[in-house]
């Protein structure tokens, strides 16, 4: 699939938007989406990773291991960030959505 | 002749390396399972060997007897004791851990379970939620993760079939 033809789902777009300017790990991504949408959208931890893996496999995001904490019983955190391809795909997806929104605006007060 | 010998040597080296890597991976898996079992007192170290603790063994046997009894004597009052139930839970937990480890790569396990533990920690110590809530949350997350994995597996299979 060509990265020039973005077909991001809403959830994928949300995920990528959250990590656009920050490196976050899974739980932070889930929490950020919940906070940003004031609880209207939640991505449970159980559903999050398969989506992240798919995005990573498509080259839209990248990840690296971080630190471990006591609460995690020694397991390390894995931090995600956007790749260059991911950034342009996200921009293109937004542009398409904006274009469709602008096109479907009511004309002449009908 | 030299080519054949070289080829044979390469095959042997690759096989030995693969076997060594596999064994190393298995040792790591074993170490993690042992850590878990020790933490929940399902194992004891006796004469330098890991053994199922006597208490756990007795509890499991007792519990199985009681479950059988309940099955036979249908309609009788429940005879499952608290310890028996606890033993069965930890017994099933170990089986579930093994089952889960088949489906998860070590990286996935570290990342996903680490995050899950962090949430559990938050629920237990910061939000002071009940054990029941934490248990329900854990089951829910396992189900979601399992479902997502299954979904990926099926869509990969379908796309392979369609793609020929």
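Just so it is clear, none of the values below were taken in a lab; they were calculated from the coordinates. Everything numeric in this text was worked out from a predicted model, so none of it was measured. No Cβ is skipped: glycine too gets one built from the backbone with ideal geometry, and neighbour counts run over all protein chains shown.
Computed values, structure above
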read-out: Those residues of region B:110-138 which are more than 8 Å from chain A (Cβ to nearest Cβ), part of a helix (DSSP H, G or I) and surrounded by 11 or more Cβ atoms within 10 Å (Cβ to Cβ), in sequence order; value: B:120, B:123, B:124, B:133, B:134, B:135, B:136, B:137, B:138
read-out: Among residues of region A:8-25, those that are within 14 Å of chain B (Cβ to nearest Cβ) and more than 11 Å from the chain's Cα centre (by Cα), counted; value: 1
read-out: Extreme residue, surrounded by the most Cβ atoms within 10 Å (Cβ to Cβ), among residues of region A:38-60 that are more than 14 Å from chain B (Cβ to nearest Cβ) and touching a helix residue (DSSP H, G or I) at 6+ places or on another chain (Cβ under 8 Å); value: A:60
